[in-house]
Every structure is written in structure tokens, then in C-alpha cells.
Amino acid sequence: MRIKFKIILLFPILFSAVSCSKSDKITFQCVGLKFDTYYNDSYFLLDNREPHEEIALASHAMALATFSGDEDYSKRSLYLRDLWNEEHFDNIWMSPSFYVKPETDSIAYGVASKYISQGDQGFTLVAVAVRGGNYEGEWASNFTLGTDGNSQGFDEASDMVMEGIGEYITNYEITGKIKLWIAGYSRAAITTNMCAGKILNKLVSREYLADKIYYSSDDVYAYCFEPPMGVQTTLANARSDLYHGIHNFVNYNDPVPLVAPFEWGFTRYGTDHYYPDRINDIYFDETERKKIVSLHHFTFGAQNFADYAVDEWKFFDVGPEVAAKNNLPRESVNPSLGRFARTLINELAVRGITSRELYVDLVQEGVRELMATIMGLNPDIEKINMSNLVQVIFEYDFIKTLINELMEDQSSEFAMDVEMLFLQVFGANKDNFDTIHDLYKKNYYFFNMLSNAFSVRKDIVAQLLYRDNAMNIINTHMPEISYSFLCATDSRFYGDKKCKLNDGKYNILHIEKPTSFTLIEKNIKKDVFRYKDGVMSSKHLSAEKYADGSIDIYLPTNGEYEYISDALGIELSYVDPLEGVTYSVSDLPINGEI
């Protein structure tokens with residue numbers, strides 16, 4: 001029997017379309033190259049509830065202007081200082097940590113201010129930029145979770161920034177109404193997020209950053225780009241209206257915003273805004289993405305990496321026996337890097353290390369020392385060349401051996417080969433062997449837990465067999481990717497053709513016995529997925545076929561669909577990008593005749 005159903009899945013996508021002027025254009029520098037951005041004081045008369053393109057792009061520029069790899073640490077704040085001078089800020093101040101070599105638990109940031117007239121009242125805009133690149137030894141702090149509460153490393157960093165803002169306001173004798181504009185990228189993004197959250201938390205008890213000033217939750221503009229997670233609270237609380245001025249911009253394929261793991265109770269304040277991707281936007285066009293990412297390319301060392309080819313993610317079939325044992329996917333069309341990243345982090349958090357407590361007890365100190373060593377803070381071990389590190393780790397025959405050992409549950413062999421790799425990466429010789437081997441032993445539990453993490457999802461580790469896959473994971477967190485994606489959502493670059501941010505939510509259309517199935521999107525007026533004679537085909541959607549013959553189609557919520565099918569056992573699941581599947585329905589929304 002051929003049955004026709006209609007599914008209408010329409011969710012609002014919030015992105016304001018406000019007027020903007022190209023006369024606001026200025027340039028900023030990041031690692032020595034110049035790029036365009038925009039700034040005007042009037043941006044901060046806008047409602048902070050919306051992720052305004054004007055403030056977003058200016059914020060991203062401010063965050064990236066903190067990047068500098070100058071060997072002279074006293075010059076590392078110059079890009080930010082130059083940007084603020086172009087924007088006519090006054091009282092520019094940099095934290096002392098900006099002028100010295102970063103330590104394991106330091107944080108660098110700058111603060112500036114200006115008075116903006118608003119009728120008879122006006123206000124002082126206080127701008128804060130947190131350093132999010134070239135922070136060297138601070139990597140160790142990223143892996144410091146602590147025993148309870150917020151992630152310790154990010155928590156301490158946000159406390160330092162919040163205290164510094166208060167001291168700045170006092171020292172420069174700022175009084176009356178203020179508005180706070182704070183931005184950061186990556187580590188600096190979660191520091192920004194938590195700092196803004198704490199400032200807003202204090203408002204509940206009418207506590208302010210300093211005496212003689214006042215502000216409300218409508219006066220905090222926090223823009224966080226590719227932020228990890230570090231807030232220990234419920235998702236409902238983190239997304240509550242108190243934090244409406246905190247905006248997080250996320251590349252769905254980037255694994256960094258997935259850690260510290262949601263599975264261990266971590267999240268972030270405010271609203272997450274996802275850049276368009278095949279998984280969350282039915283109107284997404286991969287050819288457009290290639291145009292977008294070609295706009296900017298300024299990450300140090302990026303020339304050593306492959307092109308950003310997220311839409312060319314390679315799927316690996318683990319074979320009938322392994323797939324049947326755990327009902328794993330055996331086929332995929334348009335495989336999703338973002339789905340891979342979420343499964344990877346989930347397996348590490350649930351089956352690998354399993355809990356925050358175990359991480360702190362067995363892993364944390366070793367990983368802290370490992371990261372500090374990689375960044376050149378271990379006086380007994382020479383800093384490693386990062387380009388050589390990539391080449392050594394992804395030398396094909398060796399990585400193939402490691403992955404095969406994980407596939408075959410050869411944990412002892414895996415541990416021995418990881419030890420060999422570790423010694424090779426750090427250049428062990430007769431003079432430093434004992435020191436490097438001691439560092440390995442401090443991380444033994446971490447490497448051992450990796451083999452546990454992939455005991456079920458063999459398909460996940462198998463996909464790392466492809467070197468390009470591993471490199472693409474690294475590329476997802478490059479700052480020019482985020483900046484390029486943001487430009488693509490900006491009407492000053494793309495006019496009416498700009499992309500739209502979304503909430504990252506999507507659906508999984510599961511079909512137990514597909515037989516014959518055709519899915520049509522009414523606005524595109526095309527078949528967007530087809531299953532016929534056991535073969536999946538699609539130019540628009542990601543989908544997987546499992547060992548038992550069932551299929552999952554990953555369906556963006558912003559489309560209007562109908563399908564024609566002989567299939568049985570059709571179920572629709574609703575997926576939050578952090579929570580995962582929230583609920584499923586077997587009685588699909590139906591419009592029309594059966």
C-alpha cells in the first residue's frame with residue numbers, strides 16, 4: 001500500500017534584520033593580517049535579547065584582536081589596542097598577564113570605555129576582550145575541572161576577569177549607568193560566558209561590580225564564539241531569562257563546545273546560536289560553505305592543514321559481524337562530522353572516563369602536566385614542534401595499527417603502542433627517557449580509558465582511520481571558520497542572501513523497515529531523500545543505514561515535508577544538540593489523506 005503523509009516542521013529562527021551602514025567599516029588585525037569589521041556606538045542602543053549582526057561581528061573582531069604570536073610579549077596586546085583606538089575608546093587598560101609569558105592558570109584581558117549619549121541620560125560603555133588564542137600554557141587550565149561546582153580552570157579565570165572589571169571601574173572613577181560589552185573566543189568564550197553569568201547572578205541580590213554604578217540584565221552584551229562548557233547547573237536554569245544578553249555562536253561540527261561534557265552536568269549560560277549546517281538547515285548549500293570559508297584564512301599554521309572539508313567526511317563500515325553485535329551503522333549518505341563529534345564525546349564521558357570524579361582522581365593532573373609540556377612549560381622536556389606532532393601522530397601505518405587494536409579489543413597492545421608513540425612524539429633519548437616516561441605514566445589511566453570508550457561504538461574509532469577526517473576535526477575549531485560563518489549571516493556581506501542562525505535542534509526520522517521511501521521538501525520542490533531497492537540517496541540530508549536494515553534520516557526542523565512510502569515502523573525523534581533525543585512520537589503529525 002502506498003501511503004502519503006505530510007509532516008510540517010516549522011520552528012522560528014531568531015535573527016534580527018536591523019538597518020546597518022557600510023560607513024561603519026574599519027579594519028582589525030589578527031596574527032599580522034588585516035580584516036574588515038564594523039563598529040558604531042549606536043549598536044549598543046539595540047535590545048540585547050537578539051544576536052544582532054552589528055554587535056556580533058564587532059564582538060568577534062574584538063575577540064580575535066587578542067590573538068598575537070609576537071615573540072615580544074610586551075607587544076601582544078597591540079592589535080586590541082589599535083582596534084579600540086579606531087573605535088574611539090578611552091582609558092584602554094590591559095591586564096599585566098598580557099605582557100608576560102602565559103602560565104598554566106593565568107588569563108589575559110583588556111578593558112576600555114567611552115561615554116555614549118542617549119538623550120538627557122547616556123551611559124558608559126565598558127568593553128572587555130578576553131584573550132582566546134596563543135595563550136600557550138593556559139591550555140592546562142582548560143583541562144582542570146576540579147571536584148565540584150563550575151569547571152575550576154574556567155571558573156577561576158572568570159573570577160579574575162570579573163574582579164579586574166570592577167577594579168577598572170573604580171580606578172577610572174566611572175559612575176552612573178553603564179553597559180557591559182564582553183567577548184571571547186574558545187577558552188576566552190567560556191570565560192566570557194561565566195563572567196557575564198556571575199555578573200547577572202549578583203544582580204539578583206542587587207550587587208554590582210563596583211560602587212556608584214548601576215545596570216540591569218538588559219545592559220549586558222556577552223558574545224561568546226565556540227565556547228566550551230563549564231557551568232555546573234541545569235540546562236533550564238542556564239537558559240533562563242536572566243541570561244538573555246549572553247549569546248553563544250557555535251559551529252555544529254566543532255567538538256570544543258561539547259566539553260566539559262554535558263553528561264557530567266556541565267553547560268553554559270545564555271542562548272546557543274548555531275551556524276547553518278546540513279543537519280539543522282534544509283536550505284543549506286555546501287557549495288555556499290566553500291565560498292564562505294574562502295573569505296578568511298589567518299590561523300597560524302593553517303597552511304599545514306587540509307582545506308576545511310566538513311562536507312567530505314568519510315564513513316567507515318566496520319563490517320557485518322561488529323555492526324550486528326551492537327547494531328551500528330553500515331552505510332551513510334552525507335555523513336555528519338557533528339554527529340560523529342557528539343558520539344565521540346558521549347562515549348568518552350559515559351564509557352571511557354565515566355565520571356567527573358574519576359577524571360579528577362586519575363586523569364586531571366597528568367593531562368595538566370601533559371598540556372603544559374606540549375606548550376613548552378616543562379623545563380626538563382624540550383617543547384615539541386606542532387607540525388611534526390601532526391605528522392607523527394597521523395603517520396598512516398601507525399595510526400592504522402592503533403585503530404585496529406581498538407577494533408579488536410586488544411587493550412594491552414594498544415597501551416604499549418601508545419607508549420611508543422608518546423616517547424616518539426616527545427623525542428625520547430638516553431638523556432631524557434626517564435623524564436618523558438614518567439610523564440607517560442602520569443597519563444597511563446587516560447590512555448587506558450580511551451580503549452574502554454570505544455568498546456561499543458567501533459564505528460566511531462574506525463572513522464579516524466582516515467587522516468583527512470582527523471584533520472577536519474582540528475579544522476572545525478579554527479577561528480577563521482567561525483569568523484567566516486558569522487560573515488555569512490551578516491547582510492553587509494551577503495545582503496538578502498545571508499544565512500540564518502538557528503537553535504541547533506533537529507529531528508531523526510527513524511524507519512524500522514524502509515522498503516520504499518521518498519521524502520519531499522515542499523519549498524525546494526524536490527525529493528530530498530530516497531530509499532529504493534536497498535539504496536539510500538540524497539543531495540540534501542544526512543542518513544544512516546544500520547546492521548538490522550533500519551535507517552535514520554537527520555531532518556532539519558525548518559523544512560516543510562511530505563513523504564510517500566511503503567515503509568513500516570516510522571518514528572520521529574526531537575533532538576536537542578546538548579541533551580540529545582528529548583522525546584519521540586510514533587503518531588506523526590499528519591495533514592491530508594491516508
(Q) Can you list residue pairs whose Cβ atoms sit under 7 Å apart, with the first residue in the stretch 516-545 being in contact (Cβ under 8 Å) with a residue 60 or more places away in the chain and basic (K, R) and the second being in a strand (DSSP E or B) and open to solvent by 40 Å² or more (accessible area, probe 1.4 Å)? Count only pairs 6 or more apart in sequence or on different chains. (A) K545/R330; K545/E331
Q. Since V100 meets every condition but one in (1) within 25 Å of Y215 (Cβ to Cβ); (2) open to solvent by 60 Å² or more (accessible area, probe 1.4 Å), which condition does it not meet?
A. (1)
Q: Pull up the stretch 135-152, narrow it to residues that are open to solvent by 20 Å² or more (accessible area, probe 1.4 Å) and among the aromatic types (F, W, Y), then point me to the one that is modelled with the highest pLDDT.
A: F143
Q: Answer yes or no as to whether E331 is open to solvent by 40 Å² or more (accessible area, probe 1.4 Å), modelled with pLDDT of 95 or more and among the acidic types (D, E).
A: yes
Q.
Could you go through the stretch 485-498 and let me know if any residue there is in contact with a Cys (Cβ under 9 Å, 6 or more places away or on another chain) and closer than 30 Å to V350 by Cβ.
A. yes
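Filter the stretch 570-586 down to residues that are of a type outside the set (A, V, I, L, M, F, W, C) and open to solvent by 50 Å² or more (accessible area, probe 1.4 Å) and give me whichever is nearest to P257 (Cα to Cα). Before the answer, list the steps.
Start the filter on the stretch 570-586 by keeping residues that are of a type outside the set (A, V, I, L, M, F, W, C), which leaves 571, 573-574, 576-577, 579-580, 582-584, 586.
Within this subset, residues satisfying the condition of being open to solvent by 50 Å² or more (accessible area, probe 1.4 Å) are 571, 579, 582-584, 586.
Numbers: E571: 29, E579: 13, T582: 20, Y583: 23, S584: 25, S586: 32 Å.
The selected residue is E579.
Quick one: in the stretch 211-232, of everything that is surrounded by fewer than 17 Cβ atoms within 10 Å (Cβ to Cβ) and in contact with a Gly (Cβ under 8 Å, 6 or more places away or on another chain), which residue is nearest to N171 (Cα to Cα)? Full working, then the answer.
Looking only at the stretch 211-232, we keep the residues that are surrounded by fewer than 17 Cβ atoms within 10 Å (Cβ to Cβ), and these are 211-212, 214, 216, 218.
Next cut, in contact with a Gly (Cβ under 8 Å, 6 or more places away or on another chain) only: 212, 214, 218.
Values: K212: 12, Y214: 16, D218: 25 Å.
The extreme case among them is K212.
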Q) In the stretch 24-51, which residues are open to solvent by 10 Å² or more (accessible area, probe 1.4 Å), modelled with pLDDT of 95 or more and not hydroxyl-bearing (S, T, Y)? A) N40, D41, L45, L46, D47, R49, E50
Q.
Quick check on my filter: what residues within the stretch 470-483 are modelled with pLDDT of 85 or more and either surrounded by fewer than 20 Cβ atoms within 10 Å (Cβ to Cβ) or not in a loop (DSSP other than H, G, I, E, B) (or both)?
A. I473, H477, P479, S482, Y483
Q) Within the stretch 103-134, restricting attention to residues that are under 25 Å from R356 (Cβ atoms) and over 18 Å from the mean Cα position of the chain (by Cα), which residue is surrounded by the most Cβ atoms within 10 Å (Cβ to Cβ)? A) I107
**Q.** All positions within the stretch 302-321 that are in a helix (DSSP H, G or I) and at pLDDT below 90
**A.** A302, Q303, N304, V310, D311, E312
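In a helix (DSSP H, G or I), modelled with pLDDT of 90 or more and among the basic types (K, R): does that describe K441? Before you say what the answer is, go through the steps one by one.
Values: in a helix (DSSP H, G or I): yes; modelled with pLDDT of 90 or more: yes; among the basic types (K, R): yes.
Yes, satisfied.
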Q: Quickly run through the stretch 428-446 and pick out the residues that are open to solvent by 30 Å² or more (accessible area, probe 1.4 Å) and touching a helix residue (DSSP H, G or I) at 6+ places or on another chain (Cβ under 8 Å).
A: A428, F433, H437, K442, Y444, Y445, F446
(Q) Just to be sure I understand, how many residues within the stretch 220-255 are within 18 Å of A349 (Cβ to Cβ) and polar (S, T, N, Q)? (A) 3
Q) With S186, S205 as the choices, which residue is over 18 Å from H52 (Cβ atoms) and free of Cβ contacts under 8 Å to residues at least 24 places away in the same chain? A) S205
Q: Considering each residue of the stretch 349-366, count those that are surrounded by fewer than 21 Cβ atoms within 10 Å (Cβ to Cβ) and part of a helix (DSSP H, G or I), and give that number.
A: 9
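The values are calculated or read from the model by the stated rules, or taken from the named source; none is laboratory data. Keep in mind that this is a model prediction, so the values were computed, not measured. FYI the Cβ positions are ideal-geometry reconstructions off the backbone, even for glycines, and counts take in every protein chain you see. Note: accessible area is taken over every heavy atom of the protein model, side chains too, but ligands, DNA and RNA are not part of it. Shrake-Rupley method; radii C 1.70, N 1.55, O 1.52, S 1.80 Å.
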